[in-house]
Amino acid sequence: STDVIRKTFDCTTQLARMPNSERLKRHFKSPHPALNVLRRDEPLATDTVYSDTPAIFGGEQIAQFYVGLRTQVCDVYGIKSEKQFVNTLADNIRERGAMNVLNSYKAAYQISKKVLEILRSLYIAANQSEPYHQNQNKAENRYGMVKRWINTIMNLSGCIAAAWFLCTEYGVHVINHLASPTLKGKTPLQALTGQTPDISQLMYF
C-alpha cells in the first residue's frame with residue numbers, strides 16, 4: 001500500500017545515486033564505502049583513562065573506553081599511546097558498526113586528520129565537550145560505574161595491580177550481559193544486535 005511505501009522511505013536511507021545513467025553497473029570498488037559498513041543507530045561517547053601501573057601481558061597504561069548512549073554497550077581497548085586512539089575507533093566501527101555521532105573531548109589526538117578522515121568517509125557527525133566540563137561527556141559517568149566494579153573485583157580477588165586492564169575487560173563484559181531497567185529488561189548487547197546473548201561462560205567461570 002501507499003502507506004507502507006511511505007513508512008519504508010521514512011525508516012530507510014537512499015544515499016546511493018546513479019548520476020550518469022539509470023542503468024545499474026557492476027563495480028569492483030564501491031563508490032560509496034559508507035554503504036558497505038554496518039550502522040548502529042545511536043551516538044557513541046568515548047573517554048580516555050590512565051593507569052600508573054603497566055598492564056600485565058601487554059604493558060598498556062592507557063585504555064580507551066566507548067559506550068553507546070542508547071544501548072549502553074561498552075567497549076574498552078588497551079593502548080600504549082594516545083595516538084592509537086584512531087586504531088581503537090576503527091576497531092569499534094569494525095566490531096560494532098558505524099555510529100551516528102561520536103562524542104569526545106577536544107584533545108588533539110581525538111580530532112586528528114586520520115580521525116576526521118574516518119568520520120567523513122562514513123558520514124559520522126562529531127561533537128566535542130567543552131574543556132573542564134566533564135559532565136558533558138556521558139562516557140565519564142558510565143566509566144565511573146565500571147571503575148567501581150573494577151576496584152571491587154580487584155579487592156575481592158586480591159589480584160596484582162598489573163591486572164587492572166584484565167579486570168576492566170571482564171567488568172565491561174559482565175555489564176554488557178546484564179539486564180538493564182532503562183532498556184526495559186534487555187541486556188545492552190540484546191538492545192544493540194537484537195539477539196539473545198548467552199551467559200554460560202559467566203555461570204561456569
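The values are calculated or read from the model by the stated rules, or taken from the named source; none is laboratory data. Values in this document were obtained by computation on a predicted structure and should not be read as measured data. Neighbour counts are summed over all protein chains in view; Cβ atoms, including those assigned to glycine, are modelled from backbone coordinates with ideal geometry. Accessible surface is based on the protein model in full, side chains and every heavy atom, while ligands, DNA and RNA are left aside. Shrake-Rupley method; radii C 1.70, N 1.55, O 1.52, S 1.80 Å.
Conditions (1) surrounded by 15 or more Cβ atoms within 10 Å (Cβ to Cβ); (2) more than 23 Å from Q64 (Cβ to Cβ); (3) in contact with a helix residue (DSSP H, G or I) (Cβ under 7 Å, 6 or more places away or on another chain), marked per residue:
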site	(1), (2), (3)
L116	no, no, no
L166	yes, no, no
N176	yes, no, yes
K184	no, yes, no
Q201	no, yes, no
Which condition number in (1) open to solvent by 10 Å² or more (accessible area, probe 1.4 Å); (2) over 24 Å from V174 (Cα atoms) is the one that Q110 fails? (1)
Could you go through segment 127-134 and let me know if any residue there is buried (at least 18 other Cβ atoms within 10 Å of the Cβ), over 23 Å from L192 (Cα atoms), among the small types (G, A, S) and without any contact (Cβ under 8 Å) to a residue 40 or more places away in the chain. yes
L202 vs. criteria touching a His at 6+ places or on another chain (Cβ under 7 Å) and more than 24 Å from R39 (Cβ to Cβ): yes
Taking the conditions exactly as written (polar (S, T, N, Q), more than 14 Å from C74 (Cα to Cα) and open to solvent by less than 30 Å² (accessible area, probe 1.4 Å)), does N137 satisfy them or not? yes
From the residues in segment 65-107 that are open to solvent by 10 Å² or more (accessible area, probe 1.4 Å), touching a Pro at 6+ places or on another chain (Cβ under 7 Å) and not aliphatic (A, V, I, L, M), which one is farthest from N127 (Cα to Cα)? Q72
Take the residues of segment 2-26 that are hydroxyl-bearing (S, T, Y) and open to solvent by less than 100 Å² (accessible area, probe 1.4 Å): which is modelled with the highest pLDDT? T2
Can N151 be described as over 21 Å from R96 (Cα atoms), of a type in the set (S, T, N, Q) and exposed (fewer than 12 other Cβ atoms within 10 Å of the Cβ)? no
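Residue by residue, here is whether (1) part of a helix (DSSP H, G or I); (2) among the aliphatic types (A, V, I, L, M) holds:
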| position | (1), (2) |
| --- | --- |
| E140 | yes, no |
| M145 | yes, yes |
| L166 | yes, yes |
| P197 | no, no |
